[in-house]
1. To the nearest 0.05, what FRET efficiency results for residue 28 and residue 199 with a Förster distance of 35 Å applied to their C-beta separation?
2. At 1.306 mPa s and 10 °C, plugging the Kirkwood radius over alpha-carbon pairs of the chain into Stokes-Einstein gives what diffusion coefficient in µm²/s?
3. Could you go through the range 299-307 in sequence order and give the Karplus-derived ³J(HN,Hα) for each residue, using 6.51 cos²θ - 1.76 cosθ + 1.60 with θ = phi - 60°, rounded to whole Hz, and x for Gly and Pro?
4. Under the 0.36 nm per residue contour assumption, what length would be gained going from the current alpha-carbon distance of residue 142 and residue 85 to full extension?
5. For the pair residue 101 and residue 5, what calculated FRET efficiency results from E = 1/(1 + (r/R0)^6), where r is the Cβ-Cβ distance and R0 = 45 Å, to the nearest 0.05?
6. To the nearest 20 debye, what is the magnitude of the charge dipole of the chain about its Cα centre, counting +1 on the Cβ of each Lys and Arg and -1 on the Cβ of each Asp and Glu?
7. Between residue 226 and residue 117, what is the label-point separation in nm under the 7 Å Cα-to-beta-carbon projection?
8. Please compute the modelled spin-label separation between residue 239 and residue 157, points set 7 Å along Cα→Cβ, answer in nm with one decimal.
Amino acid sequence: PDMSDVTVIGAGIMGLACARALALDGARVTLVDASDVVRPASRAAAGMCAPDSEALLHPPADPGEIALWRAGLAAWEAFEAHAGADAGLDADVRGTDILTADGAARFMPGERLVDPVRAMAGLMAQARDAGVRVAKSAQAATGAVVIAAGAGSGAFAGLAPEPALVSPVRGQLLEIARPIAFPDRMVRGPGVYLAPRGDRLIIGATSHPGAIHLDARPEDARELLARARRLRPDLASAAVLASRVGLRPATAFGPLIGPSTAPGVFLATGAHRNGVLIALVAAEILAAAVAGRPHPLSTVVDPRRTSGPDRP
C-alpha cells in the first residue's frame, strides 16, 4: 500500500494526535470518526499527565513503559509551547500529592493536567490546518490504515489480528464543587484520584474489565466519594454535579503502537489508563513507523511483539 496515503480510524485523542502527526509528516490523511463503534474514552478522562505517580501507584509490567509515560508528558509540554492554551494543559495545576497505602506522603513535582476536550479541539484544528480530511466511513480507504479506535478497536479485527487483543475496561468518574482550600495540584491515594479543574473537582476512577454499559452507576459514585473522603475529610458534604463513563482500551501486553503483522496496517490503541498521557508521543512513534523511520521507544509498544516468542 501507498504509505503516503493514510486512513486513521478513530477520532478520540489518540486518533486525532496520529492524524495530525502523519499530516505534519507529509502524508495525505483521512480521519474516520468511529464513535458509532465506541464512545471515545478521552472525552470521559480526567487527563492526568502524571508519569511518576502512575509508576509508583500502578507500575507497568514492562518498565520501559515508564520512559514512554515520561516522554508523553514532555510531548504535551512541547505542544503547549507551540499551541499555548489550545493545547489544553491547565496553567495552574502542577504536581501530585500522593498518599500511599502505608500512610506515607510524597510529592511529585512537574506533573500536569490536560483538559481532553480542549486538547482534542486544538488537535482537530491543527489536523485540519495540516490538510487532514474527516470522514464517517473507512470504506474508501486505500493506502495504509491506522486503527486508533480505542476500546472499539476489536471491531476492526478483520483488518489485522492484533485489534482482537483489545478489551474494554469501564471507568466512571465524578465532578463535585471544588472546596475553596483545595490546592492547585492533583491528589492521589489508594483507589482514587482528585484533580482540580476550575471550580470543579474530578474524582476518579472505577475500573471494571469487560463491562461495556455507559450508564453512570450510583453505587460507583458512592464508593468513589467514600475513597475521596478518606483522603480529604472536607469533602464530607460534597454533592455529585456530574458523572462521566468511558471505556478504556486494555491489552495483556500494554499499548499497541506501530506496525501490525498485516501489511499496511498500523495500530495506536491499548493505552488503558494512560491514553491522554501518551497520545502525542504515541503519534510520534506511529508516524515514524508509517514512514519507516526508527523511534527510540518503538520496541516498547510494537504490536508485533504480541505474536513473538515472548508472548505471555
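FYI, it's all coordinate maths here, none of it is from the lab. Because the structure is predicted, anything quoted here is derived from the model rather than measured. A quick note on method: Cβ atoms are made from the backbone with ideal geometry, for glycine too, and the neighbour counts reach across all protein chains shown.
1. Values: r = 43 Å, r/R0 = 1.23.
Between residue 28 and residue 199 the formula returns 0.20.
2. My calculation gives 81 µm²/s for D.
3. Per residue, the Karplus-derived 3J(HN,Hα) values read 5, 5, 10, 4, x, 5, 5, 6, 10 Hz.
4. Numbers: separation 57, 0.36 × 57 = 20.52 nm, distance 3.56 nm.
Extending this stretch completely gives an extra 17.0 nm.
5. Numbers: r = 51 Å, r/R0 = 1.13.
Result of the calculation: an efficiency of 0.35.
6. Numbers: 31 positive and 31 negative charges, 97 e Å.
Approximately 460 debye in magnitude.
7. 3.0
8. 4.6
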